Amino acid sequence: MTLITDPREAAAFCARQAKAEFITVDTEFIRDATYWPRLCLIQIGGPDEASAIDPLAEGMDLEPVWSLFDKTDLLKVFHAARQDMEIFFHDSGRLPHPVFDTQVAAMVCGFGDQVGYDKLANRLAGARIDKSVRFADWAHRPLGRKQLDYALADVTHLRVIYEKLRKKLAKSGRESWLEEEMAVLIDPATYRLEPEDAWRRLKSRSRDRRYLAHLRHLAAWREREAQRRDVPRNRILRDEQLYDIAGLAPQTAEDLARARGVSADYARGRIGQAILETIAQGLALDEADLPKAPPREQPVEAGPVVDLLKVLLKQKCERQGVAQRLVASAAELEALAAGDPETERHLLQGWRGEIFGQAAAALLTGSLLLTGDGKGGLQEIENK
């Protein structure tokens, strides 16, 4: 087990792994002070060796790594792959494929919601992971022996975890379930961060369309500014400040200085002027171009319906031995109860529809009833 800092060694190592049936992959990165994650280490495990490639080493060329990830006849195994995939997509413009995510596979196999690597390593590989250096500064050089041992453990035990989960999937006949989830992981659209969509992640409950236009423009401007400067978006403006400024719709620096946390000097400076220009864009929009108001909040009487859906989800998942969160989140159940068509389509598709979505739709229309079975449990009855 080695740390590779020489680009020729990295190329030779990747060439050896290219002959394998599968490799295991993990990364170490930091993003506390940046918008984009800074890749600090790429760990790769092959049949006979595991190494950590140092992207920060002088003269390091990662093209052999990206080419290895491009091989369609080589399976790339991750645990909780989404952040790793995001980093690779940002740094190379490419996504590893095909992939196998052991966290998702474990949820499909009934190991619970978002099971951690250390728990899987213990249960399936009999290994104990020392997590004492988990939050180390991975950009600091030289790396300590303990850091390297921790980093490489994330790919060495992953081989055993993968092989055991693959057998469980084959036995259960649920390989297609995992394939549906992996299709999302290897879709570039999953990782594209469009500034114009940033406002949708905010939690404003206002239905005022002009306010929403200001919020949309402000969030997009903040996203672009954070990306340009490579700093966390909250270093530009906090969410609370976005809400306040969108509500005030300031047209002068003096107006802007009334927003929370905005000083007079800030309002008159470059950032302040950019904010005022952004607000002006929202004020200039025609009524027809304003964003649509979000659906109204779930009515109070829908609460019991959500509770029923939760009971149904729990029952279905326990019977199938699959993690509830993989099938539907609490927010999705609320959206389903409120009649959100996009959520309905998502939950009715594929394996989710088979084990839960179709039954949930029947429950909502009254054609399926949940009753006690007389033995302390529940049973489902068709309501004809």
For region 221-278, the percent of accessible surface on carbon and sulfur atoms (probe 1.4 angstrom, ligands and nucleic acids excluded) is 43 percent
Carbon and sulfur together cover what percent of the accessible area of region 305-384 at a 1.4 Å probe radius? 47 percent
Taking r as the C-beta separation of residue 239 and residue 348 and R0 as 35 Å, the FRET efficiency to the nearest 0.05 is 0.60
How big is the Rg/Rh ratio for region 219-296, C-alpha atoms only, Rh by Kirkwood, two decimals? 0.98
Carbon/sulfur fraction of accessible area - region 89-180, other protein chains in place, 1.4 Å, %: 48 percent
Partners for residue 310 among lysines (Cα-Cα distance below 22 Å; same-chain residues under 8 apart left out): 375
State the extension gain, in nm to one decimal, for the chain segment bounded by residue 264 and residue 190, taking 0.36 nm per residue of separation less the distance between their alpha-carbons. 22.7 nm
I'd like the distance between the alpha-carbon centres of region 69-142 and region 321-384, rounded to an integer number of Å. 30 Å
Are any of the pairs 168/316; 19/168; 76/168; 76/164; 131/316 more than 23 Å apart by Cα-Cα distance, and if so, which? 19/168; 131/316
Using the alpha carbon gyration tensor of region 73-140, what are the three equivalent-ellipsoid semi-axes (square root of 5 times each eigenvalue), largest first, in whole Å? 23, 19, 10
Averaged per residue, what accessible surface does the chain expose to a 1.4 Å probe, in Å²? 52 Å²
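The values are calculated or read from the model by the stated rules, or taken from the named source; none is laboratory data. Please read these numbers as outputs of a predicted model, since none were measured by experiment. Cβ sites come from the backbone with ideal geometry, for glycine too, and all protein chains shown count toward neighbours. What goes into the accessible areas is simple: the full protein's heavy atoms, side chains included, and nothing from ligands, DNA or RNA. Shrake-Rupley method; radii C 1.70, N 1.55, O 1.52, S 1.80 Å.
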